[in-house]
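The values are calculated or read from the model by the stated rules, or taken from the named source; none is laboratory data. Computed from a prediction, not measured in an experiment: that's the story for all the values here. Cβ sites come from the backbone with ideal geometry, for glycine too, and all protein chains shown count toward neighbours. What goes into the accessible areas is simple: the full protein's heavy atoms, side chains included, and nothing from ligands, DNA or RNA. Shrake-Rupley method; radii C 1.70, N 1.55, O 1.52, S 1.80 Å.
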Amino acid sequence: MKPNSILKASILLFVSAITYVGLGYYTERSNFIQLIFLFALSFAAYILLLQQRLSLKLIIPAAIFLRLVLMFSWPSLSDDYFRFIWDGRLRVAGENPFLHLPSYYQTLPTPIPGINLELFKHLNSPHYYSVYPPVSQFVFAFSAWIAPESNWGMVLSMRFIILMAEAASIVFLIKLLQHYHIPVSRVAWYAFNPLVIVELTGNLHFEALLICGLLGSIYLLKRHKLLLSGAILGLAIGVKMIPLIFMPFLLAHLGWKKFLVFASATGFTLCLLFLPFLSQALFQNIGQSLNLYFQKFEFNASVYYVFRWLGSLVLGYNTIGVLGPFLSLATFVTIMAAAYQNRNRFNQNLLTYFLLALSIYLFLATTVHPWYLTTLVALSVFTPFRYALVWSGIAVFSYAAYQTQLYQENLYVIALEYIVVYGWLIWEIVKNRKLITSSIH
């Protein structure tokens, strides 16, 4: 890099670091104006950084440094970590976090260390069974073992694990970019993305481990390590269930014989992960919580909100109980049809179809929290499409709902978000229609 370019990059990285200090240490999610200002500033620096010709020698340490800036901050935009702490302490005490509602532990004659009323009051889902799969539970438990009496210590432990996963993800991204003969500088799309940095390292969302496992699995698959690749995907699913939507495309890519080997390794890994939690009520309780997720929770949705509005006009009430399962089925059918229609065409563009599958899922979902988009950002690195980057820059507007204690979304803000996202996507599809056509035929 030229000295002038190094100077520009250094200034932009300094501006980014300052914004992360502001976002991580001095901004509550209820302070929407400050949040938007600082995030917009960080995203502007991000866009300018992507225009620089940065070498890996700068990208890698700079990306780690920006995450380290948030190392000692409390998660300010999410309170999910209180449930992480709760589940981790239960597991260390020998309890199965999937068996009982949090209120059950308030009635025990002998209280569990650290499981108290103060922590209970901070839970954002005290009336639901835990939905965090085994790998996440192991991380929670490890952090509780490291710091049994300290919320702060558990936050630091979990953040360190997330930071290690992020570093590994960057390495896997570079390896896969080299495999696909894509410029390795594209790793900056993910490495410097403000939403990725703030939501994963900053707010302790375990998509960091999911992304690491998914990329690691694909890297091993490209090296023809079928069993190990399947096992690593099992670990990714053990963080969050989302990678299951990629299985139809993996079947189309591998063929039945190889896929059975791959899927057997994935299934065996999942069985081992769930083994310590097995009980008669395990799947019933998880299923109940997932059912509530699809039939009750709604946040920052697009297609669903349109159908909800139409349903309210016709029927006079919120139809989420029907629309949630219907859109989930529509997601499944659409992904299966896309995989079948494009079977045997995944030698070069498997990750592009992963991007397609995850986009379909998010576009039809009833709940789209900003951190859900981080996996989309990682997958976009391997494609010519940048709508995921645009979406990652504008999804933060969904935090307008938290300006008051009475949670209420501004549907005009959400409409603006999706007008921009869908508009950009349509423009990119038109722009890349020749590439899309050639990949299909």
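Multiplying the residue separation of residue 181 and residue 120 by 0.36 nm and subtracting their alpha-carbon distance yields 16.9 nm. Label-to-label distance for residue 415 and residue 160 is 5.0 nm, based on points extended 7 Å past Cα in the beta-carbon direction.
Return one whole number: the accessible area per residue of segment 161-207 in Å², for a 1.4 Å probe.
25
Label point of residue 403 set 7 angstrom out along Cα-Cβ; within segment 13-34, amide nitrogens under 11 Å from it belong to 31-34. Taking the 1.4 Å solvent-accessible surface of segment 25-139 as the whole, the part contributed by carbon and sulfur is 63%. Compare the Cα positions of 233, 178, 388 along the charge dipole of the chain (+1 at Cβ of Lys, Arg; -1 at Cβ of Asp, Glu; about the Cα centre) and return the one farthest towards the positive end. My answer, from the dipole projection, is 178.
Using +1 on the beta carbon of Lys and Arg, -1 on that of Asp and Glu, and nothing else charged, what's the dipole of the chain about the Cα centre, debye to 20? All intermediate terms of the calculation are to be shown ahead of the outcome.
Values: 27 positive and 14 negative charges, 351 e Å.
Dipole of the chain, to the nearest 20 debye: 1680 debye.
Estimated purely from DSSP H runs of n ≥ 4, each contributing -39500 (n - 2.57), the mean residue ellipticity at 222 nm for the chain is -21000 deg cm²/dmol once divided by its residues.
All other residues with a Cβ under 14 Å from the Cβ of residue 324 taken together, and with Lys, Arg as +1 and Asp, Glu as -1, what is their net charge? Provide the component values of the computation, followed by the final result.
On the way: positive: 296, 308; negative: 298.
Net of charged neighbours comes to +1.
Computed from the C-beta positions of residue 5 and residue 284, the FRET efficiency with R₀ = 56 Å rounds to 0.45. Over segment 74-136, the pair-distance histogram of Cα-Cα distances with 5 Å bins from zero comes to 3, 17, 33, 27, 14, 5, 1 percent, rounded to whole numbers. Taking the protein heavy atoms of segment 244-330 in the context of the full set of protein chains, the accessible area attributed to carbon and sulfur is 73 percent at 1.4 Å. The label point for residue 431 and the one for residue 315, both projected 7 Å from the Cα toward the Cβ, are 4.0 nm apart.
One entry in (i) 110, 52, 38; (ii) 66, 52, 51; (iii) 61, 45, 40 is Cα extents along the principal axes in Å calculated from the shown coordinates; its label is (ii).
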